[in-house]
Amino acid sequence: MISQKAKYALRALVVLARADSEKALFISDIAEEQNIPKKFLEQILLDLKREGIVMSRRGKMGGYLLLKGADDITFGEILRLIDGPIASLPCLSKIAYRRCEDCSDEDTCEIRHVFNEVANVTRGVLDKTTIADCLIYGEKGKIPAILDM
């Protein structure tokens, strides 16, 4: 299950992707549109800014904009940034691997093999699905082809 913070991050990125690429959006506008607590959204956007996903402008025309293209921001990237590893077992994590304490042999662990399949499918979808795909979904009311299984 993903965190509320990750859901808010994804929703904020969709709002920024829908906006004119030259027009910065105020945190208060994004927060109001998506019903996200403003202070929480400020922290999320700072995290995304540190990672080079969004940028901010100061002043009257200030606010936040996407720094990366919506078609270059994947769900997997955002989930890893906000929530950490996607894998359900530590021995399957790509970014935080560690051997399970109670495992004597990863090669013969039946549980690991099953969850490896789950992790591969999950990563496949999350690492191919972009914020731009969400825009297509919103416009056409159908699941993007990448999710149509």
Within the range 82-91, residues in a loop (DSSP other than H, G, I, E, B) and of a type in the set (A, V, I, L, M, F, W, C) come out as Ile86, Ala87, Leu89
Note on the range 39-62: residues assigned to a loop (DSSP other than H, G, I, E, B), touching a residue at least 12 places away in the same chain (Cβ under 8 Å) and over 15 Å from Arg11 (Cα atoms) are Glu51, Gly52, Met61, Gly62
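Kindly indicate whether Ile36 is on the phi < 0 side of the Ramachandran plot, part of a loop (DSSP other than H, G, I, E, B) and surrounded by 14 or more Cβ atoms within 10 Å (Cβ to Cβ).
Yes; evaluated as a whole, the condition is true for this residue.
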When the range 54-72 is checked residue by residue, the ones that are out of contact with any Leu (no Cβ under 6 Å at 6 or more places or on another chain) and surrounded by 14 or more Cβ atoms within 10 Å (Cβ to Cβ) are Ser56, Leu65, Leu67, Lys68, Ala70
Out of (1) at pLDDT below 90; (2) within 20 Å of the chain's Cα centre (by Cα); (3) surrounded by 12 or more Cβ atoms within 10 Å (Cβ to Cβ), the one Asp148 does not meet is (3)
Residue hits (the range 88-126; surrounded by 16 or more Cβ atoms within 10 Å (Cβ to Cβ) and closer than 25 Å to Gln43 by Cα) are Leu126
A careful count of residues in the range 92-117 that are in a helix (DSSP H, G or I) and of a type outside the set (Lys, Arg) gives 11
Within the range 108-127, residues closer than 11 Å to Cys91 by Cβ and either of a type in the set (D, E, K, R) or in contact with a strand residue (DSSP E or B) (Cβ under 6 Å, 6 or more places away or on another chain) (or both) come out as Arg112
Conditions (1) closer than 23 Å to Ser3 by Cβ; (2) outside any loop (DSSP other than H, G, I, E, B); (3) not polar (S, T, N, Q) -> Leu65 fails only (1)
For Gly76, are the conditions met, namely being surrounded by 15 or more Cβ atoms within 10 Å (Cβ to Cβ) and within 17 Å of Asp127 (Cα to Cα)?
yes
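The values are calculated or read from the model by the stated rules, or taken from the named source; none is laboratory data. All values derive from a computational prediction rather than experimental measurement. Don't worry about glycine lacking a Cβ; one is built from the backbone with ideal geometry, like all the others, and counts go over all protein chains shown.
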